[in-house]
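Notes to accompany the following structure.
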Amino acid sequence: MKAIIPAAGLGTRFLPVTRAVPKEMLPIGAKPALELIVDEAREAGADEIEIVISPGKELVRRYFEGAKGVSFAYQREQKGLGHAVLQAAEFVRDEKGPVLILLGDALVAGCNAAAEMVAVSRARGGASVIGCERVPREKTGRYGILEPVDGTMDGRCFKVETLVEKPRPEEAPSDIAVAGRYLLDPAVFRYLADQTAGVGGEIQLTDAIRRMLAERALYGCIYPGRRQDIGNPDGYFKALEAFRNA
Ligand code: G1P
C-alpha cells in the first residue's frame with residue numbers, strides 16, 4: 001500500500017519558529033511529529049510513503065533521506081491541500097488499490113487512525129474511507145463536513161451522501177468533520193487533475209472527493225482517537241500532553 005503525507009504548508013499559524021523549523025519537525029518527545037505519522041502509516045501497512053514538501057522545507061528531506069520506502073515530491077505553489085496531494089500523482093500511477101493520505105500536521109493519539117481506515121475499507125470491499133471526528137457546530141467553518149446517508153450509521157461508520165469544505169454552521173449537513181486521515185481510491189487523482197479552486201481560492205481535496213462520489217462508494221468512520229492540530233502552538237501543547245500520557 002502507498003501513503004501520501006502532505007507537509008507543504010508554510011506554517012503561518014506557528015510563526016516565528018516555523019521560519020527555522022517546519023511545524024512537522026517539531027519534537028513530540030524524542031521524535032519529530034512527522035516521524036510519528038510515518039510510523040502510523042507503516043504500521044497500517046504502507047510500504048511506500050511519499051512526503052509532499054515545499055521548497056524551504058529541506059530539513060524534512062534531510063531527516064528522512066535514506067529512510068526505507070520514503071520519497072519526496074514538491075508543491076511549488078501554495079494552491080491548497082488538493083493541489084499538494086496532486087503532486088504525488090506520479091507516485092500513485094498504476095496503483096489499483098486505495099491510497100492512504102495522512103495530513104502532516106494532524107497527529108492522532110489513542111489509536112492508529114490509518115490502520116482503522118484500512119480495516120474499515122477491507123470490510124467494505126476496498127471502498128474509500130474518510131477518518132472523521134465530531135466537532136462543535138459553531139466550528140464547522142474550519143473543516144470538511146460530511147453528510148451521512150440516512151440510516152447507514154453502523155457503530156462509528158456510515159456511508160457518505162456528500163461532503164462540503166468549510167460550510168457555515170447554518171449550512172453544515174452535520175457535525176461530522178474530515179479529520180486528517182483518508183484512504184482513497186486512486187481515481188481521486190483524475191478529479192484532482194482538473195479540480196477548480198473552491199473555498200479560500202484553494203484546490204480542495206474535499207471537492208475532488210465529492211465529484212468521485214458519482215462513481216465510487218465512500219464511507220466515513222469516526223476513529224476512536226483524538227486528533228491534535230500541531231499547526232498552531234495551542235494544538236502542539238495539547239499534542240505533547242496527549243502523547244506523554246499515551
Ligand atoms: C484540511 C481539510 C479539511 C479537514 C481539515 C482537518 O483543512 O481541507 O477538510 O477537515 O484539514 O483534517 P485545513 O485544516 O488545511 O484548512
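Excluding residues on the same chain fewer than 8 positions from LYS159, give the aspartates and glutamates whose Cα lies under 19 Å from its Cα.
The reachable aspartates and glutamates, counting only those whose Cα sits under 19 Å from LYS159, are GLU116, GLU133, GLU147, ASP150, ASP175, ASP185, ASP207, GLU215.
For VAL52, which sequence-distant residues (separation of 5 or more, or a different chain) have an amide H within less than 5 Å of its own amide H, given hydrogens modelled in the peptide plane?
Close amide H contacts, sequence-distant or interchain: ILE5, ALA7, ALA73.
Nearest 5 percent is fine: what portion of the DSSP beta bridges confined to the chain is antiparallel? Intermediate values should be presented prior to the final figure.
Numbers: 25 of 42 bridges.
Within the chain, antiparallel bridges account for around 60 percent of the total.
Name the cysteines of the chain that stand alone by the Cβ rule: no other cysteine Cβ under 4.7 angstrom.
Cys with no partner Cβ under 4.7 Å: CYS111, CYS132.
Given points 7 Å out from each Cα along the Cα-Cβ axis, report the ARG134 to GLU90 separation in nanometres with one decimal.
4.5
Tell me which aspartates and glutamates have Cα within less than 12 Å of LYS79's Cα, excluding those fewer than 8 residues away on the same chain?
By straight Cα distance, LYS79 reaches GLU202.
How far, in nm, would the chain grow between ASN232 and MET153 when pulled straight, counting 0.36 nm per residue and subtracting the alpha carbon separation?
Extra length from ASN232 to MET153 when fully extended: 25.2 nm.
Run the reach check for LYS238 against lysines, Cα to Cα strictly under 25 Å, same-chain hits fewer than 8 apart removed. What comes back?
Cross-link targets: LYS23, LYS31, LYS57, LYS139, LYS166.
Provide the FRET efficiency to the nearest 0.05 for the THR196-LEU59 pair, computing r from the beta carbons and using R0 = 41 Å.
For R0 = 41 Å, the calculated efficiency reads 0.80.
Would you please name the chymotrypsin sites (Phe, Trp or Tyr not before Pro) within segment 37-81 that are DSSP coil residues with at most 16 other C-beta atoms within 10 Å of their C-beta?
none
Subtracting the Cα-Cα distance from 0.36 nm times the residue separation, let me have the gained length for THR162 to ASP47 in nm, one decimal.
38.3 nm
Testing the spin-label approximation: label points 7 Å from Cα along Cα→Cβ at ARG211 and ALA246. State their distance in nm.
Roughly 3.5 nm, to one decimal.
Compare the peptides 98-106, 205-213, 193-201 by average per-residue count of other Cβ atoms within 10 angstrom and give them in order, highest first.
98-106, 205-213, 193-201
Pairs of alpha-carbon atoms within less than 8 angstrom and 6+ residues apart define the contacts here; what relative contact order does the chain have, in percent?
24
Testing the spin-label approximation: label points 7 Å from Cα along Cα→Cβ at ARG142 and ARG19. State their distance in nm.
2.6
Read-outs: derived from the displayed coordinates by stated rules, not from any lab. This is a predicted model, so every value here is computed, not measured. Here the Cβ is made from the backbone with ideal geometry for all residues, glycine too, and neighbour counts use every protein chain on show.
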